Amino acid sequence: MKNLLITAMLFFMTPYVFGACNSNSCYGTIDRIYLTHLSTGEIWIRPSDSPSEVLNCNLREGVYMTLKQNHMLFDEIYSAALAALASQKEVNLRIAENSDDCELVYLMIDS
C-alpha cells in the first residue's frame with residue numbers, strides 16, 4: 001500500500017518537479033522573453049519546456065505564449081516574468097485554452 005501511495009504521488013507531482021506542460025499550462029523556468037515589432041505591443045514568452053505538442057492553443061512561431069498589452073495585469077505579469085527569467089525561478093504559466101495565440105492568463109512564481 002505504501003508503494004502504491006508513493007507511486008501515485010510521483011505520478012501527480014512529476015510535471016511540477018521536473019518541469020512540463022499539459023493542455024493548459026507549463027511549469028518550469030522561462031527560457032526567453034521576446035519583444036518584437038511584429039507583436040503589436042504583445043510580449044512573447046517561451047517556457048523552457050517545449051509546449052508545442054501538448055498545449056491546447058496555437059503558439060506564436062510554434063514556441064511562444066503571448067502576454068497581451070490589454071491584459072488587466074500586464075505590467076505585473078511582465079515584471080514577474082522578467083524577475084523569473086533573471087533569477088531562473090520556476091513559474092506556472094497558464095494559458096487561455098483554444099486561443100489563437102496562446103494567450104497568457106496568469107503567471108505564478110513559487111518560492
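The values are calculated or read from the model by the stated rules, or taken from the named source; none is laboratory data. Since this is a predicted model, take the numbers as computed values, not measurements. Neighbour counts run over all protein chains shown; Cβ positions are idealised from the backbone, glycine included.
Rundown of residues vs (1) of a type outside the set (Phe, Trp, Tyr); (2) modelled with pLDDT under 85; (3) assigned to a loop (DSSP other than H, G, I, E, B); (4) more than 16 Å from Met108 (Cβ to Cβ), yes/no style:
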position	(1), (2), (3), (4)
Ile6	yes, yes, no, yes
Pro15	yes, yes, no, no
Ile33	yes, no, no, yes
Leu38	yes, yes, no, yes
Gly41	yes, yes, yes, yes
Ile45	yes, no, no, no
Give segment 68-110 a look and list any residue that's charged (D, E, K, R), surrounded by fewer than 16 Cβ atoms within 10 Å (Cβ to Cβ) and closer than 15 Å to Gly41 by Cα, or say none.
Asp75
Tell me, please, whether a residue that is crowded, with 17+ Cβ neighbours inside 10 Å, of a type in the set (A, V, I, L, M, F, W, C), modelled with pLDDT of 90 or more and not in a loop (DSSP other than H, G, I, E, B) can be found in segment 53-67.
yes
